[in-house]
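Asks: The structure under discussion is supplied below as structure tokens; questions concerning it will follow.
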Amino acid sequence: MALYQISVTLHLLAAMLWLGHMFVWSLITGPALKRVEPPQTAELLRERSVFMGAFGWPALALLIPTGLYQLAARGITLGDIASLSFLELPDGPVLAAKLLLVLWMVVYQAVWAHHRAPVAVYVNMAAALLILAASVVVVRGWE
Amino acid sequence: MGWYQVDALVHLVASLLVTGYTLFWAIMALALGRTARPAEAARLLGVVRDSRWPHVLVPFSLRLRLPTVGWLLLAVAALSGVLAGLLGHSVAVGGMGGAMTPLLALKLVLFVALVAGHALAMRRPQAPLLYMNFLLTVAIVAISANLMR
């Protein structure tokens, strides 16, 4: 039980830090700093705000193994995922949607994450919100 | 999705945004502390505090300063959290059942500390306060993970 709780804690922390960084920088602080005067100060602050780099790969390095561990704790193994037999479970389709969206986020991270890609960024954030919704349904059910 | 699930999603998204918000301030404090003299770092943190959002579409006078955005995020997190308690999801399916536990009480105490920390930090952004706010947020998230079943 303790290992499961540690896994859930790490999973949630990784998600919150990665997605929090993504959403706040893209939607709030990045735009806010654009209009700081003078422009040289705006550029300095924006450059400083990203000095630690991105969080995607470190977060995924935690999210994927902890996610798989938590699935196994619920009786869904890698074999069940590979064979799609998990689709027969009551929340199988929702879980499938979540896993496909996670796959999209991995592809986004590999292809677009460190390049200018305004459309892909917003698609990625929408995927993140859908993953959160699917997670709520998997853990708490529909009603 | 039922109302509890919708509220849970709102709470998750608000928490994610609060996490990103306190992380942003901690990173700015760290970055400016390393590359600027203390007086200049303090000045630049004040510039960040006074920046406004959104940056387009809204007249400048109606744009929100970053601390106000922070207050809104904290308010949504708090309200959605209170609503989750009121909706009192059945313990039988993994919810709280509306009960106060020591862990939940600790979470609420830390949240109050975060609110106080935000108020102090936005009057005068200083690195120790900004780091503390971020650590409080991390602790709250970690506790929340252990409130779930």
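The values are calculated or read from the model by the stated rules, or taken from the named source; none is laboratory data. A quick note: this is a predicted structure, and the numbers were derived from the prediction, not measured. All Cβ positions, glycine included, derive from the backbone under ideal geometry; neighbour counts span all protein chains shown.
Asks: Cβ-Cβ under 6 Å, sequence separation 6+ or interchain: first residue in region A:38-52 and more than 9 Å from chain B (Cβ to nearest Cβ), partner surrounded by 13 or more Cβ atoms within 10 Å (Cβ to Cβ). Which pairs?
Replies: So the pair list comes out as A:ARG46/A:LEU33.
Asks: Could you identify the single residue in B:ALA75, B:ALA14, B:ALA29 that is closer than 18 Å to B:MET132 by Cβ and either modelled with pLDDT of 95 or more or touching a strand residue (DSSP E or B) at 6+ places or on another chain (Cβ under 8 Å) (or both)? Even if it seems obvious, please write down each step before you answer.
Replies: Working: B:ALA75 fails: closer than 18 Å to B:MET132 by Cβ; B:ALA14 fails: closer than 18 Å to B:MET132 by Cβ.
B:ALA29 is the lone residue from the list that is closer than 18 Å to B:MET132 by Cβ and either modelled with pLDDT of 95 or more or touching a strand residue (DSSP E or B) at 6+ places or on another chain (Cβ under 8 Å) (or both).
Asks: A further question on this structure: Can A:ALA126 be described as under 20 Å from A:VAL24 (Cβ atoms) and of a type outside the set (S, T, N, Q)?
Replies: Numbers: under 20 Å from A:VAL24 (Cβ atoms): yes; of a type outside the set (S, T, N, Q): yes.
Yes: the conditions hold for A:ALA126.
Asks: Let me ask something else. Do you know which of the residues in region B:26-64 that are more than 8 Å from chain A (Cβ to nearest Cβ) and under 30 Å from B:VAL6 (Cβ atoms) is surrounded by the fewest Cβ atoms within 10 Å (Cβ to Cβ)?
Replies: B:LEU57
Asks: Here is a check on your reading of the model: is B:LEU9 part of a helix (DSSP H, G or I) and farther than 21 Å from A:SER49 by Cα? Show your work before the answer.
Replies: Values: part of a helix (DSSP H, G or I): yes; farther than 21 Å from A:SER49 by Cα: yes.
Answer is yes for this residue.
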